[in-house]
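Any read-out appearing in this document is the output of simple, stated calculations on the displayed coordinates, not a laboratory observation. Every value quoted in this text rests on a predicted model; they were computed, and no experiment measured them. Reconstructed Cβ throughout: ideal geometry from the backbone, glycine too, with neighbour counts over all protein chains shown.
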Amino acid sequence: MLFSLLKSGNLISVLMYILSVLLTIFLVLPLHECAHGLVAYKLGDDTAKRQRRLTLNPLEHIDYLGACLMLIIGFGWAKPVPINPRRFKNPKAGMALTALAGPVSNLLAAIVAGLIQNGILFMIFKGIIPGSTFIGYVLMFFEFLITVNIGLAVFNFIPIPPLDGSKILMAFLPDKAIIWIEQRMGIISMVLFVVIIFGGLDGILGRANNFFYNCISWLTSLPFSFFAG
């Protein structure tokens, strides 16, 4: 996304995109990882807590390669929070719920950003605040923030290791299949990385992003539609 914005020559769009990604890296990605650890802790695994990873301090979570890719292509990652599934009463269900917490936190961040964006639009419509170039930039920032977080959620829902979606999928797979996947985790992860870098999943990810974007746009506009008349 960054390269396409640079080609457009709109420096304000580039700046708003970079700011939204930086906010995601320093606030939302830590929230994503902390959500994993918190759910694991509630389900009986205190590994993340003992290693002091139940924190929103970005320095504890940032992976520099993942952060750079986040800025360049819109998909990235943070340092995974350590999880010990053997501490769960039901390891498969525990891992699935723990994994689900991450992308759900991104969708919630997108919803919050959408509510703020729609709130600003509502205040402009009602004449509470004037429309201005600055407000337009603010709206653009929240638009990118919504898009980036939906992209992160969709990316993590991919059911391929080491992404969260694979851990959710494993809850429904037999043990033999899980062992087979775990033995080939490194190769699978490398192939996934190459496929994503060369745009092999762009079509699928684009359709999924559009679906979630439309759902969140509709949902976050509802509270204000009742008062718009």
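Placing pseudo-labels 7 Å out from each Cα toward the beta carbon at Phe198 and Asn214 gives an inter-label distance of 3.1 nm.
Among the listed pairs Lys49/Lys92; Lys79/Lys167; Lys92/Lys167; Lys42/Lys79; Lys49/Lys167; Lys79/Lys176, a Cα-Cα separation exceeding 18 Å is found for Lys49/Lys92; Lys42/Lys79; Lys49/Lys167; Lys79/Lys176. Estimated at 0.36 nm per residue, the fully extended path between Ser189 and Lys7 surpasses their Cα-Cα distance by 62.4 nm. The phi-based Karplus calculation (6.51 cos²θ - 1.76 cosθ + 1.60; θ = phi - 60°) puts the 3J(HN,Hα) values of segment 12-19 at 5, 4, 4, 5, 5, 5, 4, 4 Hz, whole numbers, x for Gly and Pro. Placing dummy labels 7 Å off each Cα toward the beta-carbon, the span from Ser225 to Leu15 is 3.5 nm. Quick one, which of (i) 18.3, 61; (ii) 19.1, 62; (iii) 17.2, 52 is the actual Rg and Dmax of the Cα atoms in Å calculated for this model? Correct label, based on the coordinates given: (ii).
What dipole magnitude, in Debye to the nearest 20, does segment 2-225 give about its Cα centre under +1 on Lys/Arg Cβ and -1 on Asp/Glu Cβ?
Numbers: 16 positive and 10 negative charges, 106 e Å.
In total the dipole reaches around 500 debye.
When you count the other C-beta atoms within 10 angstrom of each residue and take the mean per peptide, 22-34, 69-81 line up highest first as 22-34, 69-81.
Here, segment 1-48 yields an orientationally averaged convex hull projection of 3.9 nm² when only Cα atoms define the hull. The Arg86 and Phe134 beta-carbon pair, evaluated with R₀ = 35 Å, returns a calculated FRET efficiency of approximately 0.05.
For the chain, a Gaussian network of Cα nodes joined below 10 Å ranks Asn214, Asn118, Asn106 by mean-square fluctuation, and the top entry is Asn214.
Taking the longest Cα principal axis of the chain as reference, the axis of helix 91-125 is set at about 0 degrees. Around Pro80, what is the net charge, scoring Lys/Arg as +1 and Asp/Glu as -1 over all other residues with Cβ under 14 Å from its Cβ? Residues close to Pro80 contribute a combined charge of -2.
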